[in-house]
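Colleague: One structure is given below, represented as structure tokens, and several questions about it will come after.
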Amino acid sequence: MKIAQVAPLAEAVPPRLYGGTERIVSYLTEELVRQGHQVTVFASGDSRTHAELVACAPKALRLDPNVRDPIPHVLMMLDEVRRRAHEFDVLHFHMDLFHFPAFADLARQTVTTLHGRLDLPDLRPFYRRFQDFPLVSISNDQRGPLPGANWAGTVYHGLPPELHRFIPSTDQGYLAFLGRISPEKRPDRAIEIARRAGLPLRIAAKVDNADRAYFEGQIKPLLADPLVQFVGEIGDADKSEFLGNARALLFPIDWPEPFGLVVIESMACGTPVIAFARGSVPEVVEDGVTGFIVQDVEQAVRAVRRLPELDRRQVRRRFEQRFSVTRMASDYLEIYRQLARTSAPRLRIA
């Protein structure tokens with residue numbers, strides 16, 4: 001098939017450091033190319049891909065000090081996608097809402113993966129208005145606020161099996177927190193769990209400007225604890241060592257997490273996950289197999305003590321069975337083909 005992947009411009013594809021959506025766009029694109037499909041990626045110019053790259057900004061907008069307003073850059077990218085839309089069998093969007101009005105007459109040539117939270121009331125009238133656009137959820141729980149939307153399928157994220165190194169055992173006694181410092185991710189809970197369990201905690205996370213006050217006022221004072229080490233932002237090259245040598249990843253979220261890419265990154269290393277039962281967690285973590293699902297801090301502390309019950313080889317095995325990039329690409333191709341069969345005759349199936 002001839003497939004356009006339209007990525008956000010905030011980060012490169014793949015990102016240098018933090019960035020979940022752009023990372024998934026990269027993994028999916030490279031697997032589709034490997035399988036022989038003709039893929040074009042609309043993304044920032046510092047992206048790296050074996051597909052055709054259409055550079056829609058010189059570099060990732062978050063890292064460009066000259067960019068003060070991302071919206072003009074996003075709109076120019078969409079104009080370029082629209083200009084070339086006739087070249088593709090499917091246009092796969094991985095961004096926010098901007099493309100819907102401009103592509104209303106091509107809606108059935110598009111697929112839009114919704115990577116974020118959908119429980120905001122302003123979204124309901126929007127998706128009612130644009131019912132023709134096929135949508136993909138990244139977990140079944142994510143769909144809850146929009147049960148009547150035009151869902152084409154649910155596709156769980158997947159990773160290349162070789163991306164992260166499996167570490168079958170570790171003699172390092174720390175717990176890990178990886179991701180973003182924000183109130184909904186609850187790094188404060190992670191610190192409390194580690195303190196009560198009497199284990200070191202290493203935090204590898206970025207701090208967005210929007211969360212700077214939260215970090216400075218509520219999290220930074222907690223970092224004075226000698227058990228807590230703040231590592232900062234890390235990229236893929238550092239994740240195997242960081243996650244693989246941890247006893248467990250702590251995922252103490254306090255929001256309806258749409259998926260949680262870090263969870264399967266940890267599983268790829270063989271490291272189990274202790275996660276709060278919010279959002280997609282019950283779909284992704286198998287309680288007592290790849291980790292423990294808990295309701296509160298007390299249960300999380302008890303779960304830390306139960307970690308020796310889990311087999312790290314089984315954690316890795318379940319990752320390979322459920323969350324490979326090959327499975328993810330296969331799921332998306334089935335959606336592309338279903339839409340091709342029900343759309344205008346110009347769409348081809350390869």
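Colleague: Of (i) 141; (ii) 130; (iii) 187, which is the value of volume of the Cα convex hull per residue in Å³ derived from the coordinates here?
Modeller: Identified label for the calculated read-out: (ii).
Colleague: Run the helix sum for the chain: -39,500 (n - 2.57) per DSSP H stretch of 4+ residues, divided by residue count, reported at 222 nm to the nearest 500 deg cm²/dmol.
Modeller: Computed mean residue ellipticity for the chain: -9000 deg cm²/dmol.
Colleague: Still on this structure, please answer the following. Averaging sequence separations of C-alpha pairs under 8 Å and six or more residues apart, then dividing by the length of the chain, give the relative contact order as a whole percent.
Modeller: Relative contact order of the chain: 16 percent.
Colleague: For A55 and R34, calculate 0.36 nm times their separation in residues minus their Cα-Cα distance, and state this gained length in nm to one decimal.
Modeller: Working: separation 21, 0.36 × 21 = 7.56 nm, distance 2.14 nm.
Net length gain for the segment: 5.4 nm.
Colleague: Right, here's the next one. Gain in length, E320 to L223, computed as 0.36 nm per residue apart minus the alpha-carbon separation, to one decimal in nm?
Modeller: 31.4 nm
Colleague: With labels modelled as points extended 7 Å from the Cα through the Cβ direction, what inter-label distance (nm, one decimal) is found for R129 paired with V231?
Modeller: Once both label points are built, they end up 4.4 nm from each other.
Colleague: For the chain, what is the number of Lys pairs with C-alpha distance below 24 angstrom, counting only pairs 8 or more positions apart or on separate chains?
Modeller: Step by step, the pairs that qualify in the chain add up to 8.
Colleague: With the dipole of the chain worked out from charges on the C-beta (+1 for Lys and Arg, -1 for Asp and Glu) around the Cα centre, which of L120, P183, Q131 lies farthest toward the positive end?
Modeller: Value: Q131.
Colleague: Estimate the FRET efficiency between W255 and R313 by the formula 1/(1 + (r/R0)^6), using the beta-carbon distance for r and 22 Å for R0, to the nearest 0.05.
Modeller: So, using R0 = 22 Å, E works out to roughly 0.10.
Colleague: Count charges around L146 for me, please; just the other residues with Cβ under 10 Å from its Cβ, Lys/Arg as +1, Asp/Glu as -1. The partial results should precede the final answer.
Modeller: Values: positive: R124, R128, R143; negative: D119.
Cβ neighbours under 10 Å give a net charge of +2.
Colleague: Sort V136, V25 so that the residue with the fewest other Cβ atoms within 10 Å of its own Cβ comes first and the one with the most comes last.
Modeller: Least crowded to most crowded, the residues run V136, V25.
Colleague: Treating the beta-carbon of each Lys and Arg as +1 and of each Asp and Glu as -1, no other charges, what is the dipole magnitude of the chain about its Cα centre, to the nearest 20 debye?
Modeller: With Lys and Arg at +1 and Asp and Glu at -1, about 420 debye.
Colleague: So what's the range 1-108 giving for Cα Rg divided by 2.2 N^0.38 Å, two decimals?
Modeller: Values: Rg = 13.1 Å, N = 108, 2.2 N^0.38 = 13.0 Å.
Here the answer is 1.00, to two decimals.
Any read-out appearing in this document is the output of simple, stated calculations on the displayed coordinates, not a laboratory observation. Note that the structure is predicted; figures quoted are calculated from it, not measured. Backbone-built Cβ (ideal geometry, glycine too); neighbour counts: all protein chains shown.
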